[in-house]
1. For A:His71, B:His102, which order do you get if you count the other beta carbons within 10 Å of each Cβ and list the fewest first?
2. Grab the other residues whose beta carbon is less than 14 angstrom from that of B:Asn210, score K and R as +1, D and E as -1, and report the net.
3. Kindly point out, ordered by number, any Cys in chain A whose beta-carbon has no other cysteine beta-carbon under 4.7 Å away.
4. Would you mind estimating how fast segment B:19-230 diffuses translationally, via Stokes-Einstein at 25 °C and 0.890 mPa s with the Kirkwood radius over Cα pairs, in µm²/s?
5. With a point put 7 Å past each Cα toward its Cβ, work out how far A:Ile3 is from B:Lys75 in nm, to one decimal.
6. Sorted from largest to smallest, which semi-axis lengths in Å does the alpha carbon gyration tensor of the protein assembly as shown give for its equivalent ellipsoid, taking the root of 5 times each eigenvalue?
7. What distance in nm lies between label points placed 7 Å from Cα along the C-beta direction at B:Ser61 and B:Asp300?
8. Could you tally the net charge around A:His78, taking each other residue with its Cβ under 10 Å from the Cβ of A:His78, Lys/Arg +1 and Asp/Glu -1?
Amino acid sequence: MTIPVHPETDRRIDDLLARFPQKGSALLPALYLIQEERGWVSEESMEYVAGKIGLSPAFVSGVVSFYTMFHRRPVGRHHIQICRTLPCALRGADSLMAHARSRLGIRDGETRADGRYSLVSVECLGACDRAPFLQINDREHGPVDPAGLDDILRRLE
Amino acid sequence: MAFEPLLTRNVGRPGSEAIDAYLASGGYQGLKRVLREFTPEKFVEEVKSSGLRGRGGAGFSTGMKWGFLPKGREKPRYLCVNADESEPGTFKDRLLIEKDPHLVLEGIIASAYAIECNLAFFYIRGEFHQGHRIFQKAVAEAHARGYLGRNILGSGFGLDIIMYRGAGAYICGEETALLESLEGKRGYPRIKPPFPALVGLYGCPTIINNVETLANVTLIAERGAAWYAAIGRPPKNTGPKLFCLSGHVKRPGVYEAPLGVPFLELLNEQAGGMAHPSRPLKAAVPGGSSMKILPASKCDVLLDFDSLAAAGTSLGSAGGIVMDTGTCIVGALLNLARFYAHESCGQCTPCREGTGWLVQILVRLERGDGRMEDVGLLADIAGRIEGNTVCPFGEAIAWPVDSYVKEFREEFEEHARRKACPLRAAAGR
Ligand SMILES: Cc1cc2nc3c(=O)[nH]c(=O)nc-3n(C[C@H](O)[C@H](O)[C@H](O)COP(=O)(O)O)c2cc1C
Ligand code: SF4
Ligand code: FES
């Protein structure tokens with residue numbers, strides 16, 4: 001059988017299986033490895049990881065859909081996550097989101113057709129002292145006002 | 001008030017996260033003392049007598065919790081560090097993880113020694129990429145220097161730590177949901193009892209402690225329970241505490257003070273007061289979004305477990321959210337209701353459905369389509385969720401709804417009467 005991941009990822013998943021007292025614990029970190037390689041988690045890779053750990057594909061799919069950080073379809077190269085929860089909302093998260101939407105030409109939850117950007121509002125990121133706060137992939141930014149967002153986007157381009 | 005920083009003593013020094021900086025400032029001396037001078041049982045007693053209460057939200061005695069572990073050793077014991085920090089308004093554990101990871105790590109090792117555990121898990125929320133990198137490095141440094149591994153500092157005690165990343169689910173901060181998530185499953189809270197001390201991770205005896213709780217254990221290891229128990233408001237509210245302030249405050253941030261510091265002192269003296277001088281304080285939630293709100297008239301309170309309980313709210317995660325007179329309370333509650341509707345794990349009908357109904361009603365009030373009965377309906381739904389769910393998430397939504405409506409009933413009714421948000425109308429928006 002051909003595997004839907006790089007042999008190195010496959011090897012790292014084997015390491016995970018040996019690390020935990022019970023194999024099931026390897027699922028979340030294995031999904032992260034797959035997502036790191038591919039950018040998202042496909043049906044095919046869910047079946048693959050289910051087979052590696054000895055779980056049913058339906059179980060794996062149930063886990064993937066429970067957690068917001070696993071992507072079941074490709075997201076933009078720059079995945080922009082704007083916090084919307086109360087402490088950020090009190091400091092202008094709404095207008096930041098409105099600005100991002102019009103600047104990128106996509107709505108909340110969408111990926112741009114050219115695959116460069118996706119935009120999503122998320123719940124409290126545990127950085128309310130830097131409100132309004134956002135993350136682009138694994139980078140943190142805050143406080144960010146609309147002009148600040150323009151600067152950040154310009155640097156990405 | 002002058003107070004020697006204890007939990008934040010290294011924060012702000014460049015390179016504070018590196019082990020050499022930590023050692024240079026006297027780090028790991030507490031662990032040495034514990035390994036040399038205490039048996040595990042004795043150190044559990046020491047932590048009990050320090051009065052330390054958990055900093056994750058419930059405020060339960062740490063030493064007592066450790067004491068609930070079964071005596072027998074047929075099964076391994078686990079320590080799970082709760083670094084999920086997802087309660088809106090809370091960002092104190094992040095500070096410790098990123099700026100002084102060894103202060104936390106030293107407490108983890110001393111705690112694992114006390115509960116005789118040889119494998120600990122560090123469950124960190126998936127969004128803390130930076131914190132994960134820093135803590136992982138700290139763990140590697142500690143291994144290299146003999147503070148982790150098979151035979152720590154020649155004591156015969158061994159400990160390994162496995163880092164585990166959450167993946168975006170608020171509920172995984174609830175201790176039994178965290179265990180499910182660590183087992184590679186959906187984060188569905190378990191029915192208690194049995195409590196994790198008896199049946200926890202992989203069915204084995206397990207202790208779950210918050211990051212800040214474990215940093216406090218380091219202080220007790222260093223300077224002893226008697227010294228610790230004199231800080232704060234003894235006998236029941238001892239030790240230093242990290243308080244978060246966010247929202248309409250001039251300098252949002254994490255502030256350290258002894259338990260029992262007056263809220264207004266923290267707000268006005270440490271955090272510089274309100275963000276806009278022309279808009280005074282309207283209300284504050286001292287304990288994180290799941291706790292009850294205090295209108296400004298009731299904000300003259302001391303920040304500790306028992307004072308806040310007496311004031312009708314809770315210290316919770318100490319995630320203080322400050323709102324000025326420009327804030328629409330209905331809009332604020334709608335924001336939170338959306339949060340809880342999004343984060344409900346969906347296992348219990350009252351929580352899953354109730355949070356959705358709350359959002360619908362609040363949307364209509366905010367938009368100007370609300371009816372007078374809606375105000376009573378909000379409290380009614382909250383009352384039906386509270387006490388009828390598997391986990392305390394039910395209370396986490398019922399308490400804010402109940403208290404926002406009770407303290408600001410007039411404002412909710414005005415939305416229904418005027419068929420508009422009075423604040424928005426006043427601002428011409
Ligand atoms: C819905 C919910 C979310 C929680 N989130 C967290 C959290 O993010 N971090 C945390 O330390 N405790 C959280 N808790 C509390 C934990 O269940 C548990 O009480 C705590 O980790 C125990 O540690 P402590 O005794 O050291 O405070 C949460 C509880 C509930 C009900
Ligand atoms: S109360 Fe809500 S979050 Fe807790 S178990 Fe029930 S549905 Fe899940
Ligand atoms: S509310 Fe935005 S980071 Fe907490």
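1. Ordered by Cβ neighbours within 10 Å, fewest first: A:His71, B:His102.
2. Counting the neighbours of B:Asn210, the net charge comes to 0.
3. A:Cys124, A:Cys128
4. Values: Rh = 17.0 Å.
Answer, rounded: 145 µm²/s.
5. Rounded to a tenth, the inter-label distance reads 3.2 nm.
6. Values: eigenvalues 264, 191, 107 Å².
Working from the Cα gyration tensor, I get semi-axes of 36, 31, 23 Å.
7. Computed distance between label sites B:Ser61 and B:Asp300 equals 3.4 nm.
8. With Lys, Arg at +1 and Asp, Glu at -1, the net is +3.
No lab work stands behind these numbers, since they all come straight from the coordinates. Small disclaimer: the values here were computed from a predicted structure and weren't measured. Ideal geometry is used to build each Cβ from the backbone, glycine not excepted, and the neighbour counts take in all protein chains shown.
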